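Undergrad: Next up is a structure, given as structure tokens.
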Amino acid sequence: QVQLVESGGGLVQAGGSLRLSCAASGRTFSSYAMGWFRQPPGKEREFVAAISSSGGSTSYADSVKGRFTISRDNAKNTVYLHMNSLKPEDTAVYYCAKGRYPIVRLTTSAYNYWGQGTQVTVSS
């Protein structure tokens with residue numbers, strides 16, 4: 001069983017920055033890709049970013065490309081999402097997820113464990 005615990009969400013003004021962290025339990029963290037997804041109010045959950053097991057490959061949604069950076073520290077069993085130039089449309093509950101595979105995937109079905117989510121609110 002894997003547990004994922006997100007932290008770092010909060011309220012920030014437009015143009016500001018936040019760093020989300022996701023700490024994972026278990027000894028297989030370094031073997032699987034990790035992803036960040038978000039669910040805006042009243043909308044479906046959507047892909048934000050993903051990183052391969054080694055950290056050598058990443059992928060981003062077009063809406064966050066150039067503003068968000070995903071990284072991981074396998075020694076600490078932690079994945080991060082650095083968010084810069086935040087916009088009101090980035091407001092959502094952000095979830096981290098553990099992949100079923102070591103390579104980057106963009107769909108929710110490719111992830112088998114999810115955190116409880118952390119709220120990010122960007123005010124205009």
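The values are calculated or read from the model by the stated rules, or taken from the named source; none is laboratory data. Because the structure is predicted, anything quoted here is derived from the model rather than measured. Backbone-built Cβ (ideal geometry, glycine too); neighbour counts: all protein chains shown. The protein model used for the area step is the full one, side chains on, heavy atoms only, and it has no ligands, DNA or RNA in it. Shrake-Rupley method; radii C 1.70, N 1.55, O 1.52, S 1.80 Å.
Undergrad: When every alpha-carbon pair in the range 39-84 is counted, what percent end up more than 15 Å apart?
TA: Values: 506 of 1035 pairs.
When all Cα pairs of the range 39-84 are counted, 49 percent exceed 15 Å.
Undergrad: Across the chain, how many lysine pairs, 8 or more apart or on two chains, come within less than 23 Å at their alpha-carbon atoms?
TA: Details: K43/K65; K43/K87; K43/K98; K65/K87; K65/K98; K76/K98.
Taking the Cα cut-off of 23 Å, the pair count is 6.
Undergrad: Identify which of S52, S109, S85 has the largest mean-square fluctuation in a Gaussian network model of the chain, with springs joining Cα atoms closer than 10 Å.
TA: Among S52, S109, S85, the largest mean-square fluctuation in the Gaussian network model of the chain belongs to S109.
Undergrad: Counting other Cβ atoms within 10 Å, keep those with at most 11, restrict to DSSP loop, and tell me which trypsin sites (Lys or Arg not before Pro) in the range 25-55 are left.
TA: Sparse-neighbourhood loop trypsin sites (Lys or Arg not before Pro): R27, K43.
Undergrad: Any idea of the accessible area per residue across the chain, 1.4 Å probe, to the nearest Å²? Numbers along the way, then the final one.
TA: On the way: 6180 Å² over 124 residues.
The answer is 50 Å² per residue.
Undergrad: Can you list which of the GluC sites (Glu not before Pro) found in the range 1-69 are DSSP loop residues with at most 11 other C-beta atoms within 10 Å?
TA: Values: sites: E6, E44, E46; in loops: E44.
Passing sites in the range 1-69 are E44.
Undergrad: Ignoring any ligand, DNA or RNA, what whole percent of the accessible area of the range 1-118 comes from carbon and sulfur when the probe is 1.4 angstrom?
TA: Working: 2700 of 5860 Å².
Roughly 46 percent, rounded to a whole number.
Undergrad: If you put +1 on each Lys and Arg Cβ and -1 on each Asp and Glu Cβ, how big is the dipole of the chain around its Cα centre, in Debye rounded to 20?
TA: Details: 13 positive and 7 negative charges, 52 e Å.
In total the dipole reaches around 260 debye.
Undergrad: Further question on the same structure: Which one, V104, T121, F47, projects farthest toward the positive side of the charge dipole computed for the chain from Cβ point charges (K/R +1, D/E -1)?
TA: Toward the positive end, the furthest listed residue is V104.
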